[in-house]
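Read through the structure below, which is laid out as structure tokens, and then see the notes.
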Amino acid sequence: MLELTYSAGTIIVRSDQNFDLSLPFLTYDPRVDAYRCYACKYGELIKYLEKKKISYTDNVIKPIEGNIVQKKDLSLKEYQEEALEAWLLNDKKGIVVLPTGTGKTFVGLAAISNVRAPTLIVVPTLELMDQWYWRVKEFFDVSIGRFGGGYKEIEYITIITYDSAYINAEQIGNKFELMIFDEVHHLPSEGFRQIALLSASPYRLGLTATPEREDGLHDLLPSLVGDIVYRRSVIEMKGKYLAPFEIVRYYVDLNDEERKRYEELRKKFKKFFDELGIKLDSLEDFYQMILKSGKDRKAREALIAWNEARKLALNASNKLNVLERILEKHKGERILIFTEYNSFARLISKKYLIPEVTYRTPEKERIITMERFRKGIYNVLVTSKVLEEGIDVPSANVGIILSGSGSKREFIQRLGRILRPMKDKNAILYEIVTRNTSEVNVSYRRRRELLTGFFD
Amino acid sequence: MLTSDLLRVKIIKNEHIRPLFVEMNEENLFLADTLIDLYRSSISKKVSDLEDKLKEIEYNAESLGYDFKLFRGLKSLLDRRLIIEENQESDAIKIRAMIFELANQHYEGIILKEEEKEKIFSLVSQRLGKSPDEIKEIFNSVYEEEKKIKDFLNISPEELLRQYNLSLLQTLVFKCRKLFVDLEVGGHEMRNILWMIKKLNLLFLAEKSYTGLNLAIDGPASIIKQTERYGTRIAKLLPHLFKAKNWHIRAYVAYKIRNKKKIFKLELSKQEAQNFLPHAINEKIEYDSYIEEDFSKKFYSVGGEWQIIREPEPILIGRDIFIPDFVLIKQDKKVYLEIMGFWSEDYIKRKIEKLKKLSNINLILAIDSSLGNIEINNLSSNIYIVKYNKKILIADIIKALNKF
């Protein structure tokens with residue numbers, strides 16, 4: 001007789017007789033004189049034992065006790081139904097890819113409604129944690145816990161941040177039967193993948209608009225969560241389920257003082273690069289410089305100069321003039337303003353009395369502000385990086401990118417923020433870019449794939 | 001512990017790695033002292049004022065040849081000693097919400113003129129009976145940099161530098177997958193170390209070494225695949241290991257050099273490190289339970305020629321470690337005593353299975369029989385069981401001692 005127990009993210013297999021345990025998946029562990037495998041091998045292990053007719057006692061999953069009652073119909077859209085169906089057919093494993101704004105959350109809720117078992121929902125931000133919390137509350141009678149951002153509750157349905165799940169993987173790994181990974185493209189990173197490896201949950205659902213990662217690690221997703229079981233793109237859904245959109249770009253100049261400073265700084269780091277004989281256009285060059293800057297004073301000064309030049313371009317004061325024109329034009333509409341730096345968001349908040357939501361905003365205020373924006377008490381919001389991922393901001397139709405990075409993902413997510421379906425209103429995304437600076441390239445990089453039509 | 005961008009190391013012969021410890025010399029003590037002074041004098045001032053001054057000092061320090069990573073490392077240790085004022089925040093948030101709401105009601109959320117902004121502030125000031133300037137101050141008060149410093153937990157310059165060195169070492173160990181440590185250690189410290197290992201959810205394999213015991217420490221999943229997951233916890237264990245009479249650590253650490261990750265060997269012994277690291281504080285021995293304390297006192301007075309020592313040297317069983325509660329010594333006779341106040345049948349049986357491997361050691365197991373009846377068969381001749389009811393009778397122990 002074998003005994004299977006869960007131990008800190010792994011499964012320990014013991015035998016009461018001298019049973020031959022040289023099974024696949026298992027490694028002998030002299031520290032505890034027993035065999036061990038990752039908790040995520042649980043399903044495979046059981047299947048193997050059943051097939052070979054080896055009897056065992058199973059003490060792995062210790063599910064949170066409780067029950068769940070659905071109190072409201074989810075009224076799924078056609079494609080949400082299809083996505084759920086595809087996931088169910090794949091043994092309740094796998095990833096659903098849907099554009100931002102098409103209600104991925106509802107696919108998750110449908111999975112919960114179907115499995116009706118203790119569920120862990122892993123999310124990248126506190127805003128998403130709140131959003132899931134209210135959604136689950138709306139549709140189910142069940143005890144809901146939050147873990148992360150000051151909360152430490154483990155309940156029948158628990159919503160946890162990736163950071164907290166990583167730290168507490170050992171403690172939560174055998175308490176849930178279903179795991180939902182929201183924005184699942186975060187999961188394959190070196191640290192976060194352990195959340196999946198150290199968990200025994202047999203049912204897994206991943207949700208994202210953009211599964212592909214620039215580092216190629218998305219190749220790990222099938223082994224951590226399952227294959228992509230359903231996928232729809234922005235282009236397919238535009239107009240029908242998403243607002244039609246246009247993108248408008250404005251160019252501004254640095255003012256004289258800023259331009260003078262910009263050229264000074266540029267000369268400074270350019271000289272440094274020329275001396276080293278490296279060009280400025282590859283990331284690799286850049287890492288070289290950052291690496292050198294640890295020891296080399298000159299390199300460090302060049303790096304500081306580069307940073308300041310970048311900041312000058314991104315925060316150009318003329319951008320505010322354009323911003324004011326756009327705001328005036330869309331007075332009374334729902335507007336989101338995006339910046340790269342928190343400090344720029346704060347400047348706008350103070351100057352125009354527009355509420356800010358950034359990592360530096362006190363949590364209490366963030367919650368109040370989001371709620372009031374949702375309810376329509378506030379029309380305009382300024383944010384840096386916080387709102388990029390999956391937050392329900394149901395009815396903004398104007399987005400203004402004052403500054404951003406070259407990341408395609410960030411751009412798509414910002415675009416997604418204004419693509420929620422709305423009556424009679426087209427969505428407009430503005431980009432304000434400083435002419436004759438590195439920002440022109442940055443802006444091109446983030447949207448080039450949209451321009452060539454490959455965009456989902 | 002520091003963020004990894006502040007790590008400073010020395011690489012020796014492209015093979016060994018060491019934290020770049022700071023020495024307790026005049027130069028470094030001066031920097032530490034200057035910083036501590038600044039933090040101390042910032043009490044009841046704004047956080048942003050302190051930040052501004054730090055920027056200035058950092059610039060000057062760099063000109064004087066101090067490494068900015070040292071500067072920022074010290075700063076991050078000192079930041080943790082600040083106590084920031086948190087009061088009135090929820091009132092301020094309510095007032096801000098009122099300001100934003102009014103801005104939406106009167107101007108649809110878009111205020112582009114200075115006089116419109118002033119109007120909002122004066123509206124709020126009328127409602128709350130405060131001056132517009134007060135309202136503006138409240139509006140700004142939620143920003144971190146506007147917060148005030150309430151207190152600073154003082155530290156001496158030397159202690160700060162020593163704490164910095166320990167943090168540096170811990171930061172390097174973050175990236176290790178397994179730690180080997182040679183320990184010359186008493187039973188009490190060992191018990192503390194084993195307890196910490198358990199608490200941190202780590203595991204070990206022990207073996208005899210030249211100086212005492214060698215432990216190979218990593219985590220549960222390490223046996224399946226070596227991982228850096230446990231590095232942070234191993235780093236947390238270090239200060240506990242450093243309480244040993246003598247120690248020597250060895251670890252293999254991943255470190256990026258010229259953008260390539262390479263594994264380096266980190267080795268450090270107490271002799272080399274004691275001038276750099278914080279002084280170990282050895283706590284007073286505290287008894288786990290009343291029974292042990294009571295027994296120890298009584299035995300001391302009636303034990304006669306038998307000497308009693310609490311928490312003797314750790315004993316190796318296989319690759320595990322056993323620390324008995326007491327050792328009783330009379331001339332060349334040595335008998336260990338283990339008191340089992342809390343137990344379950346499974347626990348005792350597993351323990352005895354383990355102890356049977358100790359054929360060269362004499363051991364008395366005292367079992368509290370008020371917790372239930374237990375029959376134990378097949379004992380080896382070097383283990384003797386004494387049952388007691390809540391209180392151990394010294395006479396029973398002496399009787400057992402005479403059997404050996």
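The values are calculated or read from the model by the stated rules, or taken from the named source; none is laboratory data. Quick caveat, the model's predicted, so the values are computed rather than measured. Note: ideal-geometry Cβ built from the backbone for every residue, glycine included; neighbour counts use all protein chains shown.
Scanning region A:1-28 for residues that are at pLDDT below 80 and within 13 Å of A:TYR42 (Cα to Cα) turns up just one, A:PRO24. Number of residues in region A:197-222 that are touching a residue at least 40 places away in the same chain (Cβ under 8 Å) and either assigned to a loop (DSSP other than H, G, I, E, B) or of a type outside the set (Phe, Trp, Tyr) (or both): the value is 15. Looking only at residues that are surrounded by fewer than 20 Cβ atoms within 10 Å (Cβ to Cβ) and outside any strand (DSSP E or B) in region B:243-261, which one is farthest from the other protein chains (Cβ to nearest Cβ)? By that ranking, first place goes to B:LYS245.
Filtering A:THR161, A:THR105 for residues that are polar (S, T, N, Q) and over 29 Å from A:GLU236 (Cα atoms) leaves a single hit, A:THR161. A count restricted to region B:114-132 and to residues that are closer than 25 Å to A:VAL322 by Cβ and at the interface with chain A (Cβ under 10 Å from one of its Cβ atoms) stands at 4. Exactly one residue out of B:ARG162, B:ARG191 is modelled with pLDDT under 90 and either within 30 Å of B:ALA251 (Cβ to Cβ) or away from chain A (no Cβ under 14 Å) (or both): that is B:ARG191.
For every residue, the table says whether it meets (1) within 14 Å of chain B (Cβ to nearest Cβ); (2) under 27 Å from the mean Cα position of the chain (by Cα); (3) surrounded by fewer than 17 Cβ atoms within 10 Å (Cβ to Cβ).
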site	(1), (2), (3)
A:SER15	no, no, yes
A:PRO24	yes, no, yes
A:CYS40	yes, yes, no
A:TYR48	no, no, yes
A:GLN70	no, no, yes
A:SER75	no, yes, yes
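Pick from A:GLY66, A:GLY94: which is surrounded by fewer than 14 Cβ atoms within 10 Å (Cβ to Cβ), modelled with pLDDT of 90 or more and not charged (D, E, K, R)? That would be A:GLY66, the only listed residue that is surrounded by fewer than 14 Cβ atoms within 10 Å (Cβ to Cβ), modelled with pLDDT of 90 or more and not charged (D, E, K, R). With the structure loaded, tell me whether A:LYS319 is more than 7 Å from chain B (Cβ to nearest Cβ), in a helix (DSSP H, G or I) and within 16 Å of A:LEU429 (Cα to Cα) or whether it fails that test. In short, yes. Each residue in region A:322-336 was checked for being assigned to a loop (DSSP other than H, G, I, E, B) and surrounded by fewer than 22 Cβ atoms within 10 Å (Cβ to Cβ), and 4 of them qualify.
The number of residues in region B:139-157 being away from every other protein chain (no Cβ under 13 Å) and surrounded by 16 or more Cβ atoms within 10 Å (Cβ to Cβ) comes to 5. Residues in region A:356-378 that are at the interface with chain B (Cβ under 8 Å from one of its Cβ atoms), part of a helix (DSSP H, G or I) and of a type in the set (D, E, K, R) were compared, and the one that is surrounded by the most Cβ atoms within 10 Å (Cβ to Cβ) is A:GLU365. Picking from residues in region A:118-135 that are at pLDDT 95 or above and more than 18 Å from the chain's Cα centre (by Cα), the one that is surrounded by the fewest Cβ atoms within 10 Å (Cβ to Cβ) is A:PRO118. Annotation: of all residues in region B:1-36 being over 16 Å from B:TYR66 (Cβ atoms) and more than 25 Å from the chain's Cα centre (by Cα), the one that is surrounded by the most Cβ atoms within 10 Å (Cβ to Cβ) is B:ILE11. Taken together, A:LEU381, A:LEU353, A:LEU347 contain a single residue that is more than 10 Å from chain B (Cβ to nearest Cβ) and either in contact with a helix residue (DSSP H, G or I) (Cβ under 9 Å, 6 or more places away or on another chain) or in contact (Cβ under 8 Å) with a residue 60 or more places away in the chain (or both), which is A:LEU347.
The set of residues from region A:263-301 being at pLDDT below 75 and aliphatic (A, V, I, L, M) comprises A:LEU276, A:ILE278, A:LEU280, A:LEU283, A:MET289, A:ILE290, A:LEU291, A:ALA299. Of all residues in region B:67-106, those being more than 18 Å from B:TYR143 (Cβ to Cβ), surrounded by fewer than 20 Cβ atoms within 10 Å (Cβ to Cβ) and facing chain A (nearest Cβ under 10 Å) number 6. Taking region B:350-382 as the range and being in a helix (DSSP H, G or I) and touching a residue at least 24 places away in the same chain (Cβ under 8 Å) as the test, the residues that pass are B:ILE352, B:LYS354, B:LEU355, B:LEU371. The conditions of being touching a residue at least 40 places away in the same chain (Cβ under 8 Å) and closer than 18 Å to A:ILE377 by Cβ are not met by B:ARG81. Test A:ILE61 against the stated conditions and say whether it is within 14 Å of chain B (Cβ to nearest Cβ), out of contact with any helix residue (DSSP H, G or I) (no Cβ under 6 Å at 6 or more places or on another chain) and of a type in the set (A, V, I, L, M). Answer is no for this residue. Scanning region A:158-175 turns up no residue that is within 19 Å of A:ALA117 (Cβ to Cβ), touching a residue at least 60 places away in the same chain (Cβ under 8 Å) and of a type in the set (A, V, I, L, M, F, W, C). The test for being modelled with pLDDT under 90 and out of contact with any helix residue (DSSP H, G or I) (no Cβ under 7 Å at 6 or more places or on another chain) holds for B:ASN87.
Among the candidates B:ILE197, B:ILE223, the residue that is facing chain A (nearest Cβ under 9 Å) and either buried (at least 18 other Cβ atoms within 10 Å of the Cβ) or within 18 Å of the chain's Cα centre (by Cα) (or both) is uniquely B:ILE223.
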